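Readers should treat all values here as calculations from the given coordinates under stated rules, not as data from a laboratory. Keep in mind the model is a prediction, meaning the values are calculated, not measured. Cβ atoms come from the backbone with ideal geometry, glycine included; neighbour counts cover every protein chain shown.
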Amino acid sequence: MIEQLFGSKTRVKLLKLFYGSPNRQFYVREITRRIEEQINSVRRELSNLLNIGIIVSDSNNNKLYYEVNQKFKFYGPLFEIFGKNKEDVKLSDKNKDNENLSKDYSDLSAIGRVELALLTGQFTRDESTGIDLLIIGEINPNAAAKYVSSLEAQENKSLRYSIMNMDNFRYRLDIRDRFASTVLNSKKQILVDIYNVLGDPNNKSEE
């Protein structure tokens, strides 16, 4: 039904991808792989979404990147439709209190009790933090290393990551530690934030 309302199965898949990952940038072949649609169909719908203003594009290193336009006047209503697809969310018992855990990263629960996790760096093209993935909670380091290796294979890139417990991170925030402050102000995609430590649960942070 939703495909009929929005005119195209590919368009709906793109909207779910972009609104499910605010601040995340994707290039065409990555998009094609993720939504499993033909590249010509993807290019056509990307052009439509660009013309409407739903997404924006930026070129870097001979690649054209796309991301959702958070300044689009109907961003809020579209986020409510496509950014919280609970039928696509797989939650473990350890993370049931996090209703916005992304489908692609639902297996984070296998590495321990994850209280805060976010993507930045290469994922959002913001190198201010010096890392690509931050995981906070009661984490098994060996399981985390295996998880990152699996994510590197999925993303086809080497990733920098950091893990710590919540008390440590809160202390760093309290004393305005440089790393914690940079994380707070970075362009990021929040995967898990069960205590709403970083503020806005929809992560509509401005650049």
Packing-wise, with mean Cβ within 10 Å as the measure, how do 114-120, 140-146 rank, highest first? 114-120, 140-146
For labels at Lys73 and Asp174 in the simple 7 Å Cα→Cβ model, what's the distance in nm? 4.6
For peptides 7-14, 69-76, sequence by mean Cβ density within 10 Å, most packed first: 7-14, 69-76
Here the FRET efficiency for Lys157 versus Asp107, based on Cβ atoms and R0 = 25 Å and rounded to 0.05, is 0.85
Report, in listed order, any pair from Lys9/Lys188; Lys157/Lys188; Lys63/Lys146 with a Cα-Cα distance greater than 24 Å. Lys9/Lys188; Lys63/Lys146
Show me 121-133, 156-168 ranked by packing, highest mean number of other Cβ atoms within 10 Å first. 121-133, 156-168
Gap separating the Cα centres of segment 172-188 and segment 14-65, nearest whole Å: 30
Extension gain, Ala145 back to Ser57 (0.36 nm per residue minus Cα-Cα distance, nm): 28.4 nm
Dipole magnitude of segment 2-82, debye to nearest 20 (Cβ charges: Lys/Arg +1, Asp/Glu -1, about Cα centre): 100
